[in-house]
Amino acid sequence: MDFIKNRMLPLAASLLLPVTAQASLITNGGFEKGLSGWICTTQNGACGTESLAGPREGDAYWYGFENGSGGMNSQSINTVAGRLYSLELWYGSSSSNDYNNLSVAIGDFSQAFDIAVGGTASWTELSTTFMATSAISTLNFDFQTSRNSGTLWLDDIRIQSISVPEPATLWLLAGGLLGLGIIRRRKHLT
């Protein structure tokens with residue numbers, strides 16, 4: 001009985017948790033191939049890849065600055081409407097100027113980053129989930145900076161599908177747990 005309680009029940013419980021796929025849906029999320037796979041637009045600034053301040057991972061990271069109207073760095077990926085996805089990334093800045101801002105949006109998720117906290121050449125992690133709202137989801141990073149106030153950074157961006165066990169698997173698991181409960185009850189009564 002201890003074997004069932006100590007080994008089988010934790011195993012059964014772990015089967016109920018969502019399993020995350022390992023392959024990222026983002027192309028070139030570490031910017032090791034420059035801006036390949038990304039569309040970056042500015043009106044009065046620039047964006048590119050660098051390694052000067054030390055990337056979070058690998059040899060490069062994205063940088064951008066936009067003095068005025070705002071810029072955007074984006075990539076579109078194939079998704080399934082109504083499916084849950086994980087989003088992980090690192091962001092930072094070479095400045096803690098309050099005017100500098102960076103935000104992310106995809107599916108039903110959007111968030112502005114607190115650059116003043118992450119400034120002075122440090123990296124901060126974001127790990128969250130979002131629900132896809134269409135068959136193609138666009139990951140948008142909007143950014144704006146004050147003139148001569150430094151750059152904003154992104155690195156190690158990953159999006160993964162979160163799969164949930166099939167209903168048949170859940171029914172099988174429920175039947176097994178019910179059987180374990182019956183066995184336990186019978187042993188308890190004898």
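Overview of results
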{"item": "Residue 134 assigned by TED's automatic domain parsing to the domain that holds residue 72, in a strand (DSSP E or B) and modelled with pLDDT of 90 or more", "result": "no"}
{"item": "Restricting region 1-53 to residues that are modelled with pLDDT under 50 and assigned to a strand (DSSP E or B), the residue that is nearest to residue 102 (Cα to Cα)", "result": "20"}
{"item": "Region 50-79, subset aliphatic (A, V, I, L, M), under 25 Å from residue 146 (Cα atoms) and surrounded by 13 or more Cβ atoms within 10 Å (Cβ to Cβ), residue farthest from the chain's Cα centre (by Cα)", "result": "53"}
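The values are calculated or read from the model by the stated rules, or taken from the named source; none is laboratory data. Predicted model only: the values in this text are computed from it and were never measured. Here the Cβ is made from the backbone with ideal geometry for all residues, glycine too, and neighbour counts use every protein chain on show.
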